[in-house]
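The next block holds one structure in the form of structure tokens; read it before the comments.
The values are calculated or read from the model by the stated rules, or taken from the named source; none is laboratory data. Worth saying up front: this structure is predicted, and the values here are computed from it rather than measured. Heads up, the Cβs are rebuilt from the backbone with ideal geometry, glycines too, and the neighbour counts pull from every protein chain shown. These area figures cover heavy atoms from the full protein model, side chains too; ligands, DNA and RNA do not enter into them. Shrake-Rupley method; radii C 1.70, N 1.55, O 1.52, S 1.80 Å.
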Amino acid sequence: MVNYYENNKILKAILDNNKDLVLFALDREYRYIFYTQAHKDTIKAIWSCDIYIGLNMLDIIKLEDDRNKAKINFDKALRGEKFTLIEEYGDNNLTRTFYRDYYSPLIVDNEIIGLYVFIVDVTDIKKAEQEINRYKYFYHSILDNITNPIFYKNKNGTYEFVNIAFCNTFHTTPEQIIGKTIQEILPDKSDYFFQKDNELINSKTRQTYELELEVNDEKKIFIINKTLLFENNDIIGITGSFTDITYLKNIEKKLKENETYLTKLLDILPVGIFIVDISFNIKLTNNFSNKILEQLLIDNNFKITNLADIKFIDNDRNIVDFPNSINSMLDKANKFENLILGIFRKGIINWYSVNAIKEENEILFTFNDITELITTREILEKNISKLNKQNKEINDYMLEQERLLEELLFSKKKLEESLIEKNKLFSIIAHDLKSPLSGIIGINSILVDDFDELSDDKKFELVNKIYNSNKNLLRLINNLMDWVNLKNNNVTIKKEKINIQNFIKEIQTKINNNLQLKEITLNVNLEENYFVLADRIMLTSVLNNLLYNAIKFSYRGSKIDLNISRTENNYILFEVKDYGIGIPEIMLNKIFDITEKTGRPGTEDEKSTGLGLIIVKDFVEKNNGKIWIESKEKTGTSVFFTIPEVI
């Protein structure tokens, strides 16, 4: 354990400079081998305990449930699992604290020696979530106790809330409405609703209109009151209510048919009814409107006999010139609907949706009390703005934490890939360079020691082996240099216009000796002479490597096809096809992966490093081409690659 502690001093000093970084590591016996100062301070605050290297962390967790839960999580990480949890710790006498914990095994030399945990304190986030849920429950409870159907939909037109009255009125459930648009709920009325929503958005004022809907095969008429919700001057949604005036409309019809029942019918309406003359003198009222007048009598100590004596205010809380405003609207159409007016009463405003119809020398007013709706809407707007602000702060914090974690994981991955590549290079240098050099030294030793006793044929055979070993060694060194230069970005690309017909002849000359040694025939199928734009050295390396691989994995006396054609998108397609041993499917998926060992001997035990195809892929892609392989074991392999054509 001491070695781990000594090696961690510098890392610990760096991490301790970040006061918010909570990180610790345990060995397989749950003893501390590393922790940051922030973790030490957290343990001190929760359990009033000073920790030190070598201390068993389970011994400081006081509550048995917390201790058992921690041990289960530690054991999962020690088995090699990586996972994330939100956990709650602290004594019962203390405030409980919530953390998001990232568990991971601690691996050294492919052995799990312990575990480490990266911790983020999310107590404030959890409290904010609880507070949001409490507010939601509170406001939903208020809205559910309002008798009018109420809804809220976001700026995209998706319904996010409906109250109980809404569901009861339309014989539906919240699940059938929330999360859907009007097009999904009432497709035949969707165009009309979209039109009204656009009018509301363009006017940026409250909107009230009358609509007939069919509910359970019954036609009903509603007054729909809607208003926009804003946040920072941006529209975030629309809220509104339905008032079922079907009954009122039916009564209005009956009033025209039989005026003798007018008073009784008016008195049962849940709205205020005023019939006045053209000077606004009150001629007839119902129970609801009488209550309004009685309240004004108590407040003002005089009886209201003319509607013009009532001080009405508009949406902006400005005093309304009632006679002139009403006459102006009635002069245009003899009626109006859903005019929002307020009446002051001892510092309280009662809000009404007012309709009016002018018939000869009389005007009929209806006053629908919407005070609850207006008050609730104002409360909702205020608290929605507050909740949105808190939610944004929470989201910003979480995004930053996720970004930091992603950066750490990305850095770890890049470091692991770099180590794998370096290990691959060292493995090749240690093994693949050593083997041919040892063979050359062994053959030279035979020639030196037994030169006079060896026949000329034997000497020729040994010299030929030295020659072939040197060729393989040179090819390996060239591939290693190409790979190192690629990784160090030391390769300069010099693209030129290359005559493929002449270029293939040069390649044939270079590999002819290798073909003859295994008695292999190379068939070149070139549809016509093409020109490509590529780096000549890289393209030479690509074809040399692919043809050498084809020779290596082909049987003696077989053939290799080099097919060259034009694709539809102005690329030249090269195919190197052999009829050799093929590639197993499990290896085919890893053939271009430097981290996988894919090298294998040829049909006559030729050596392989597994670097050739890696270099070929990089060279093809650096020349704006693509490469892929098709192969069937014991049948053969086709390697395809493309290079841009140039005229």
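Run down 504, 498, 493 and say which single residue is open to solvent by less than 80 Å² (accessible area, probe 1.4 Å) and assigned to a helix (DSSP H, G or I). Let's see the steps before the verdict.
On the way: 498 fails: assigned to a helix (DSSP H, G or I); 493 fails: assigned to a helix (DSSP H, G or I).
None of the other options fit; the residue is 504.
In segment 390-417, the qualifying residues are those that are open to solvent by 90 Å² or more (accessible area, probe 1.4 Å) and over 19 Å from residue 117 (Cβ atoms), and the one that is modelled with the lowest pLDDT is 414. Among the residues of segment 223-236, those that are without any contact (Cβ under 8 Å) to a residue 40 or more places away in the chain and either of a type in the set (S, T, N, Q) or crowded, with 18+ Cβ neighbours inside 10 Å (or both) comprise 224, 226, 228, 232, 233.
Of all residues in segment 22-44, those satisfying the criterion of being assigned to a strand (DSSP E or B) and among the hydrophobic types (A, V, I, L, M, F, W, C) are 22, 23, 24, 25, 26, 33, 34.
Candidates are the residues of segment 508-524 that are touching a Lys or Arg at 6+ places or on another chain (Cβ under 9 Å) and surrounded by 15 or more Cβ atoms within 10 Å (Cβ to Cβ); the one that is nearest to residue 496 (Cα to Cα) is 522.
Which one of 51, 43 is within 36 Å of the chain's Cα centre (by Cα), at pLDDT 85 or above, surrounded by 13 or more Cβ atoms within 10 Å (Cβ to Cβ) and among the β-branched types (Val, Ile, Thr)? If you could, list the steps in order and put the result at the bottom.
Numbers: 51 fails: within 36 Å of the chain's Cα centre (by Cα).
Result of the check over 51, 43: 43.
Those residues that are assigned to a strand (DSSP E or B) and either surrounded by 15 or more Cβ atoms within 10 Å (Cβ to Cβ) or within 55 Å of the chain's Cα centre (by Cα) (or both), I need them from segment 293-315; list them, please. Within segment 293-315, 312, 313 meet the criteria.
Any residue at all in segment 283-292 that is surrounded by fewer than 18 Cβ atoms within 10 Å (Cβ to Cβ), in contact with a Lys or Arg (Cβ under 8 Å, 6 or more places away or on another chain) and outside any loop (DSSP other than H, G, I, E, B)? Within segment 283-292 (the criterion being surrounded by fewer than 18 Cβ atoms within 10 Å (Cβ to Cβ), in contact with a Lys or Arg (Cβ under 8 Å, 6 or more places away or on another chain) and outside any loop (DSSP other than H, G, I, E, B)), the answer is no, since none of the residues qualifies.
Among the hydroxyl-bearing types (Ser, Thr, Tyr), free of Cβ contacts under 8 Å to residues at least 40 places away in the same chain and farther than 30 Å from residue 309 by Cα: is that true of residue 285 in this structure? Spell out how you get there, then give the answer.
Numbers: among the hydroxyl-bearing types (Ser, Thr, Tyr): yes; free of Cβ contacts under 8 Å to residues at least 40 places away in the same chain: yes; farther than 30 Å from residue 309 by Cα: no.
When the stated conditions are applied, residue 285 does not pass them.
Residues in segment 279-331 that are more than 20 Å from residue 206 (Cα to Cα) and acidic (Asp, Glu): 294, 299, 309, 331. Taking every residue in segment 188-206 that is under 20 Å from residue 229 (Cβ atoms) and pairing it with any residue that is open to solvent by 90 Å² or more (accessible area, probe 1.4 Å) and β-branched (Val, Ile, Thr), at least 6 positions away or on another chain, yields no pair with a Cβ-Cβ distance below 7 Å.
For every residue, the table says whether it meets (1) under 30 Å from residue 277 (Cβ atoms); (2) open to solvent by 60 Å² or more (accessible area, probe 1.4 Å); (3) part of a helix (DSSP H, G or I).
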| residue | (1), (2), (3) |
| --- | --- |
| 317 | yes, yes, no |
| 339 | yes, no, no |
| 354 | yes, no, no |
| 363 | yes, no, no |
| 373 | no, no, yes |
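Here residue 280 fulfils each of the conditions (1) on the phi < 0 side of the Ramachandran plot; (2) surrounded by 14 or more Cβ atoms within 10 Å (Cβ to Cβ) apart from (1).
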